[in-house]
Amino acid sequence: GGRCYALHPWVEGRHRDGSDLSEPQSGRLGALLGRVHTCLEEVMPGPQRGAEGPSRPDSAGSAPPAPWDPPAKAPQAVQAAQAAQETAARAEDTFALIEELLALVRSHPRDVFGELAEHRLVERRRLLARHAHRRPAPSATPARGWVHGDFHPLNLLYRGGEPAAIVDWDRLGVQPRAEEAVRAAAIFFVRPGGTLDLVKVRAYARAYRAATGADSAELAAAAHRVWWERLNDFWMLRWHYQLDDRRADPGFPASSALSVWWTREYAAVRGAFCD
């Protein structure tokens, strides 16, 4: 049908999240992502303005993510996506989205998911009002380079104790590299109650920095931007209420609690990525 695809041999393996990794294995995970970034830099053309892949679907001002693979973007759309990535979410836009989502939640029959969604939306509105002045400036964007674009436990297969394959490369693009490292850690090492295993995060981050040469300042800037991103992030609720897609529902309790905990423990999280 005029579209490209890639066909690969079947890879035996299983998924492992951070709770299933030891501290040394967490370090090896950080080193693996670091090697991905450095090797991509060797084999791909250098970053060019306008060369990015699709923008992240979790910013407050973007359209809700579709539950299918989007078509390739025109150059103008790619440039717009890059601009959206370089500009952190605006609190004003997030407040408007919160009101829209609250109206949708309250228009649905009450259930356990809806009760939690309403609680988190009201809570996040208060939290964002207190921290709106901490919006990252565009100049705080860490170094850009080619990244996998969707590095998380369901896209990494283990055979025994070691990684066997990284899959799902359709979001390959040029983005801030350290942000991918921080974003991946926030998925791998989140606990069910919405806290991060900072011992494993520290081992992971040290190995990533050693593999890439990234310094503590780069990781600190990335951690701040990802914290802000998550503070303004409602993609799971947008899937549920705007797209009638329930696939992300199981991850909502931990993900929504993480933003609250991360804000309270901001210094400790920053230290885990930078020490």
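The values are calculated or read from the model by the stated rules, or taken from the named source; none is laboratory data. These numbers come from a predicted model, not from an experiment. FYI the Cβ positions are ideal-geometry reconstructions off the backbone, even for glycines, and counts take in every protein chain you see. To get the accessible areas, we keep the full protein, side chains included, count just its heavy atoms, and leave off ligands, DNA and RNA. Shrake-Rupley method; radii C 1.70, N 1.55, O 1.52, S 1.80 Å.
Of all residues in the range 13-35, how many are outside any helix (DSSP H, G or I) and either hydroxyl-bearing (Ser, Thr, Tyr) or open to solvent by less than 10 Å² (accessible area, probe 1.4 Å) (or both)?
Residues in the range 13-35 being outside any helix (DSSP H, G or I) and either hydroxyl-bearing (Ser, Thr, Tyr) or open to solvent by less than 10 Å² (accessible area, probe 1.4 Å) (or both): 2 in total.
Quick one: would you say residue 272 is touching a strand residue (DSSP E or B) at 6+ places or on another chain (Cβ under 6 Å), in a helix (DSSP H, G or I) and open to solvent by less than 30 Å² (accessible area, probe 1.4 Å)?
no
Just checking, which of 169, 227, 239 is within 30 Å of residue 114 (Cα to Cα), aromatic (Phe, Trp, Tyr) and open to solvent by 20 Å² or more (accessible area, probe 1.4 Å)?
239
Considering only the range 188-204, how many residues are in contact with an Asp or Glu (Cβ under 8 Å, 6 or more places away or on another chain), within 19 Å of residue 147 (Cβ to Cβ) and either basic (Lys, Arg) or outside any loop (DSSP other than H, G, I, E, B) (or both)?
Within the range 188-204, residues that are in contact with an Asp or Glu (Cβ under 8 Å, 6 or more places away or on another chain), within 19 Å of residue 147 (Cβ to Cβ) and either basic (Lys, Arg) or outside any loop (DSSP other than H, G, I, E, B) (or both) number 1.
Being within 16 Å of the chain's Cα centre (by Cα) and open to solvent by 20 Å² or more (accessible area, probe 1.4 Å) is the filter here, so list the residues in the range 184-204 that pass it.
Selection gives 187, 190, 191, 195.
Specify which of the listed residues (207, 257, 214) is open to solvent by less than 40 Å² (accessible area, probe 1.4 Å) and either within 16 Å of the chain's Cα centre (by Cα) or on the phi > 0 side of the Ramachandran plot (or both).
Going through 207, 257, 214 in turn, the sole match is 257.
Under 6 Å by Cβ, and 6 or more places apart or on different chains, what pairs join a residue from the range 245-256 that is in contact (Cβ under 8 Å) with a residue 40 or more places away in the chain and assigned to a loop (DSSP other than H, G, I, E, B) with one that is crowded, with 16+ Cβ neighbours inside 10 Å and of a type outside the set (A, V, I, L, M)?
245/239
If I filter the range 96-122 down to residues being open to solvent by 10 Å² or more (accessible area, probe 1.4 Å) and β-branched (Val, Ile, Thr), which single residue comes out as nearest to residue 132 (Cα to Cα)?
By that ranking, first place goes to 122.
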